[in-house]
1. If I filter the range 373-397 down to residues being within 23 Å of the chain's Cα centre (by Cα) and more than 29 Å from Asp22 (Cβ to Cβ), which single residue comes out as surrounded by the fewest Cβ atoms within 10 Å (Cβ to Cβ)?
2. Taking Gln76 as meeting all but one of (1) on the phi < 0 side of the Ramachandran plot; (2) crowded, with 18+ Cβ neighbours inside 10 Å, write down the number of the exception.
3. Tyr147 fails exactly one of the following numbered conditions: (1) surrounded by 15 or more Cβ atoms within 10 Å (Cβ to Cβ); (2) out of contact with any helix residue (DSSP H, G or I) (no Cβ under 9 Å at 6 or more places or on another chain). What is the number of that condition?
4. Among the residues of the range 359-369, is any in a loop (DSSP other than H, G, I, E, B), under 29 Å from Thr215 (Cα atoms), open to solvent by 30 Å² or more (accessible area, probe 1.4 Å) and not charged (D, E, K, R)?
5. Name the pairs: first residue in the range 209-220 and of a type in the set (A, V, I, L, M, F, W, C), second residue open to solvent by 70 Å² or more (accessible area, probe 1.4 Å) and more than 9 Å from ligand 2 (Cβ to nearest atom), Cβ to Cβ under 9 Å, at least 6 apart or on different chains?
6. Looking at Thr281, Thr264, Thr245, Thr323, can you tell me which residue is among the hydroxyl-bearing types (Ser, Thr, Tyr), in the same structural domain as Pro188 (by TED's automatic domain parsing) and in a helix (DSSP H, G or I)?
7. Select from the range 1-49 the residues that are closer than 25 Å to Ala384 by Cβ, in contact with a Phe, Trp or Tyr (Cβ under 7 Å, 6 or more places away or on another chain) and assigned to a loop (DSSP other than H, G, I, E, B) and list them in ascending order.
8. Quick check on my filter: what residues within the range 190-214 are near ligand 2 (Cβ under 10 Å from one of its atoms) and charged (D, E, K, R)?
Amino acid sequence: MAATLEQLIREDDTDGFLVNRDIYRDPEVFEWEMRYLFEGTWNLLGLESQIRRPHDYFTTHIGRAPVIVTRDGGGQVHCLLNTCRHKGAMVCHMQQGNARTFVCQYHGWAYDAGGRNILIKDKDQGAYPECFDRIGHDLEPVRVGVYRGFIFGSLNPDVPPLEEYLGDLRAMIDLIVDQSPQGVECIPGRGAFLFRGNWKLQMENGVDPYHFSSTHLSYIQALRRRSDKASVYSTFKSADLQRGTFAFKHGHNAMWGPAPSDKTTPLSYVKDELVLRVGETRARWMMSVRNITMFPNAQFAENASLQLRIWRPLAADRTEMRTFCLAPVGEPAEARALRIRQYEEFFNPSGLATPDDIANYEDCQRGFAAATVQWQQGQARGTAMLGQKQCPEADELGIRPESAVVGSFTLGDETVMHSTYRYWKALIAQGLARDGGGEELGQ
Ligand code: FES
Ligand SMILES: [Fe+2]
């Protein structure tokens, strides 16, 4: 095979928007993605609420690089490469905790919570040359940005400012954060998925309204068998309901739909307060169903509860995903209990919905082994609706998406990924040009 980047994403009037299956299965494409997407731009790392106290930390990855996100004694947030300056060992092995120091288990070098080297074991023996003192021994810092309590990191010092990178996606993030005057927090605990599938299968599925009625049939049927108050999705059949998608700059996007029901979401407990504080329109948006992609590594899903997913691609056909339940700070106890129950029911590894999605990713990846089939047919739905000039829904939020599609409840738009894949291609093309070629796969 000798496809070029140009041949992986194609777009023309004759064939429409086409995605080549090699983007999900070729190890060299995976290398490009690591280098030019995950290690080239901003990644969502977590929430400030995960490191509330001085010396709290959690560990994660940016692309292939292990990092520690810490709060130092003075309250400042740092992101540090989790690799000892001596010989490279990771200095922190826990997923989260509270530590004033990180002591390397190999030869005992120690660092404070801000990454400053505070001990080189037995340095006073006089065994080091003079030049050794002229180099830094601190943990390598990573560029950090915080937007409304969400912590981002980038390995690329030349990345655009975070707010510019997020662009209009900020309006969608604000709809999450403004649900409480004190913002949003991460409920303790997390889920973890490890699946034999490409990370983009998750990214696409998170904003794919088309799959719901077939993939999640058992979930829908289980709800229908219950009493009406649990029927989060039972109100979704009406023909006059609309759903839509927004595609933003820099690969971000969103899909949205009507609120499930007045009685069954955690936010219905605070609806009056919300309307008073943020107004009728934004309160309606907060109560609606919204899934958003924070390119390249995270998604939020808000329906019966609120989930944050952060994925870490491990190989072209393997992905790790950590999932968190988020909640407005200070919500009523009944709302919090309902949020957690509905989270468990829908999103958890033991839940009724997400495991079905994961099974589909693995199934797609197995199907991709049919190497002679080159092109997906999953980017076309909604194309007929593209180019709609007016979008009152975007106007309501004061945003200017690159594209917006609004249609019937069963429209199942797929064009929302077009902007994302254009950006995907542009970042890789820029990276390859900077690094001087190697564009042809298999070189
Ligand atoms: S590798 Fe950390 S002290 Fe040697
Ligand atoms: Fe799903």
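1. The qualifying residue surrounded by the fewest Cβ atoms within 10 Å (Cβ to Cβ) is Ala394.
2. Result: Gln76 fails condition (2) only.
3. Status for Tyr147: all satisfied but (2).
4. yes
5. Correct list of pairs: Ile220/Ser213.
6. Within the list Thr281, Thr264, Thr245, Thr323, the selection yields Thr281.
7. Within the range 1-49, just Arg21 meets the criteria.
8. Asp208
The values are calculated or read from the model by the stated rules, or taken from the named source; none is laboratory data. If you're wondering where the values come from, they're calculated on a predicted model, not measured in any experiment. Glycine gets a Cβ as well: all are built from the backbone with ideal geometry, and neighbour counts include every protein chain shown. Just so you know, the surface numbers come from the protein's heavy atoms only, side chains and all, with ligands and any DNA or RNA stripped out. Shrake-Rupley method; radii C 1.70, N 1.55, O 1.52, S 1.80 Å.
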